[in-house]
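Data first, discussion second: the structure below is written as structure tokens.
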Amino acid sequence: MAGPFADTPGTPDVVPGAPPSDVPPTGARRQPLVSGNWKMHHDHIEALHTVRDLGLRIKPDDVAAVDVSIHPPFTDLRTVQTLVEAESIPVALGAQHCNDHDRGAFTGEVSPQMLARLGVRYVIVGHSERRQHFGMTDDAVAATLRAVLRHGMTPILCVGETQEERAAGSTETRLAAQLHAALAGLDAAQVAGIVVAYEPIWAIGSGTPASAVDAEDACLFVRQTVATLAGGDAAASLRVQYGGSVNAENAAELAAEPDVDGLLVGGASLDAAGFLEIVRATRPPARRRRA
Ligand code: PGA
């Protein structure tokens, strides 16, 4: 669990509709998390090569101040788990989605219990592609998030606005609605340990990331909204990633923002060398190697 606040969550402070006045401290004590979301890329043989390549390149210093997770397709998970454990590669195993039931007649689905048994630590929940292409509703997102927590894994809850919502000035309304739907009713300790990924939909796979200033504004808004739902201590502990067209060139600028606690990387995570450059760019400045 990240941050010095993690073990001392505050009293739940749920004030529906209250303005985000309980602004928690921002700061450098949350350990950034860089997550590689492979989406539907890399079969298990390609996964083996990519993770072996990553393992050969990654140095202890790369992960001394940054957590790293990789989220391959389901069919790769066992292969990647075996390799990561056998070769002590310092990355956490992640999944891209799961069902909210532990077992049952849900053809084609994967249970959170199965993921936990494989040693999965992080599960992406409510990615915009799940919402858009597979009809994942806010209710399903909330249920999935709870299922992930129930099995001791960390959800990476994705929120973000469309281009139209941004143009209409309703980015914050959209983010607040998604956060309320997913997090209302959780206790402060649960909220403190989760990860929220701010992923503007227009930035995903488009080659046009949010500016660092816009990413910071949105991530701060996420934190302020979480403060109204679960209290300032939980909001100060929660990690907020930025995602959407992150690459080795823009990662350092985005990750340097005080409320951006790491990056959720799609396309640029498929290549081990490129992904590692992003991990290195995310290290807090004091830990970056001198050029
Ligand atoms: P991208 O995807 O980095 O390829 O834009 C990010 C994501 O969808 O998580």
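Observations on the model:
- Among residues of region 122-144 that are closer than 11 Å to residue 178 by Cα, those with a beta-carbon under 6 Å from a residue that is away from the ligand (no atom under 13 Å from the Cβ) and of a type in the set (Val, Ile, Thr) at least six positions away or on a different chain give the pairs 126/141.
- Residue in region 244-259 that is farthest from the ligand (Cβ to nearest atom), counting only those that are touching a Ser or Thr at 6+ places or on another chain (Cβ under 8 Å) and not polar (S, T, N, Q): 258
- Search result, residues across region 203-221 that are away from the ligand (no atom under 16 Å from the Cβ) and either of a type outside the set (Phe, Trp, Tyr) or over 19 Å from residue 179 (Cα atoms) (or both): 213, 216, 217, 220
- Among the residues of region 120-168, those identified as within 16 Å of the ligand (Cβ to nearest atom) and surrounded by fewer than 16 Cβ atoms within 10 Å (Cβ to Cβ) are 132, 133, 134, 163.
- Of the set (1) part of a loop (DSSP other than H, G, I, E, B); (2) touching a residue at least 12 places away in the same chain (Cβ under 8 Å); (3) surrounded by fewer than 16 Cβ atoms within 10 Å (Cβ to Cβ), all apply to residue 39 but (3).
- When residues in region 45-72 are screened for being in contact with a His (Cβ under 7 Å, 6 or more places away or on another chain) and part of a loop (DSSP other than H, G, I, E, B), 1 of them pass.
- Residues satisfying the stated conditions in region 98-115, i.e. more than 19 Å from residue 157 (Cα to Cα) and polar (S, T, N, Q): 107
- Selected residue (criterion: farthest from residue 40 (Cα to Cα)) from residues of region 71-119 that are crowded, with 19+ Cβ neighbours inside 10 Å and polar (S, T, N, Q): 99
- Residue within region 255-277 that is in a loop (DSSP other than H, G, I, E, B), at pLDDT 95 or above and on the phi > 0 side of the Ramachandran plot present: no
- Failed condition for residue 262, given (1) within 24 Å of residue 193 (Cα to Cα); (2) touching a Gly at 6+ places or on another chain (Cβ under 8 Å); (3) within 14 Å of the ligand (Cβ to nearest atom): (2)
The values are calculated or read from the model by the stated rules, or taken from the named source; none is laboratory data. Model, not experiment: these values are computed from the prediction. Virtual Cβ from ideal backbone geometry, glycine too; neighbours counted across all protein chains shown.
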